[in-house]
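Only one structure is covered here, and it is reproduced in the block below.
The values are calculated or read from the model by the stated rules, or taken from the named source; none is laboratory data. On a predicted model such as this, the values are computed, not experimentally measured, just so you know. In this analysis, Cβ positions are derived from the backbone assuming ideal geometry, glycine residues included, and neighbour counts consider all displayed protein chains.
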Amino acid sequence: MKRWQADLTLAWVALIWGSTFVVVKNALDDVGPLTFVGWRFWLAAVFLTLLFFKRMHHLSRDEILAGGLIGVWLSLGYIFQTVGLQTTTSAKAGFITGLSVVIVPVLATLLLRRPPGRGAVGGVAVAVVGLGLLSLNKDLSIQSGDLWVMGCAVAFALHIVTVSIFSPHHDPIRLAVVQIATVGVLATAAAFVFETPALDLPGSTWGAIAFTGVTATALAFGLQVYVQRFTTPTHTVMLFSLEPVFAALFGWWLANEVLGAKELVGCGLILAGMLIAELSSSDETEADQPGERLDHWPAGIEGQAEKC
């Protein structure tokens, strides 16, 4: 595969992930957020298990434990994000979720004692200003949906940090399948406690579950793992940073969501902060060569599974 083909595929993956925000928001009119997440990730786990059936034969106890721990953070991220989408816009949710990229250096400093570089610090500062412009009202209050999605960004950042700890020691495919299955288990358990899970959902809702579970999670993940080896980390970061932009475009196109001038400036600053933090990280830690940093895939799977 040529680099331009890999880049085009990753751009398509970012587009798919960006579209999920408005798809999920619309589906929540007919299903509870916990039930939606549970069905979505059960479907994704089954599909990925079938897709990588031979690899799953060698699943070890350590991979189950590591994937389960990582899956806890992934569960919280998707649950918080889906709950937040009930009361915020797709565009705002997309950009706030992207903050997980700039939160990672802060968590790495606190938890792993890895001091961030100057680029990461600058990216965090720019993104925080952008977050204030995007989310704060004139009276400095914040919508509850934005707070839920901020919690999602922190959970996704913790997910990325824990992946960086465990992924060098385990098969990335098996680790991914276990964490995705963990989300299905935890979300379904929470749905039985806080909601009333049902099978008699509208066809459009099942379509949204199928799209997000199969296309945006399983297939997008499989494509990313395959093609990322043929391009560079810098290209990957640039392309995945388009996800919140696509989220805003789909929100405008499909849900008539419009951001004001202040919010648009905030979105631009968050996007700039994401790029500064990630590109400086790529430059400081490795040469810009195809096939490296494959252990970093969850950063993109709505994340960063970026975002899947």
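Details
- Those helices (runs of 4 or more DSSP H) of region 184-257 in which 1 or more residues are more than 19 Å from the chain's Cα centre (by Cα) and among the aliphatic types (A, V, I, L, M) occupy 243-255.
Each row is one residue, and each column tells you yes or no for (1) touching a His at 6+ places or on another chain (Cβ under 9 Å); (2) farther than 27 Å from residue 108 by Cβ.
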| site | (1), (2) |
| --- | --- |
| 147 | no, no |
| 152 | no, no |
| 171 | yes, no |
| 176 | no, no |
| 184 | no, yes |
| 188 | no, yes |
| 202 | no, yes |
| 205 | no, yes |
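- The C-beta contact set for region 94-114 (first residue over 16 Å from residue 152 (Cα atoms), second residue surrounded by fewer than 24 Cβ atoms within 10 Å (Cβ to Cβ) and of a type in the set (Lys, Arg), distance under 6 angstrom, 6+ apart or interchain) comprises 108/114.
- The conditions of being farther than 26 Å from residue 123 by Cβ and either in contact with a His (Cβ under 8 Å, 6 or more places away or on another chain) or surrounded by 18 or more Cβ atoms within 10 Å (Cβ to Cβ) (or both) are not met by residue 194.
- Residue match in region 34-50 (condition: out of contact with any Lys or Arg (no Cβ under 7 Å at 6 or more places or on another chain) and surrounded by fewer than 16 Cβ atoms within 10 Å (Cβ to Cβ)): yes
- Checking residue 276 against (1) modelled with pLDDT of 85 or more; (2) among the β-branched types (Val, Ile, Thr); (3) buried (at least 20 other Cβ atoms within 10 Å of the Cβ), the condition it does not meet: (1)
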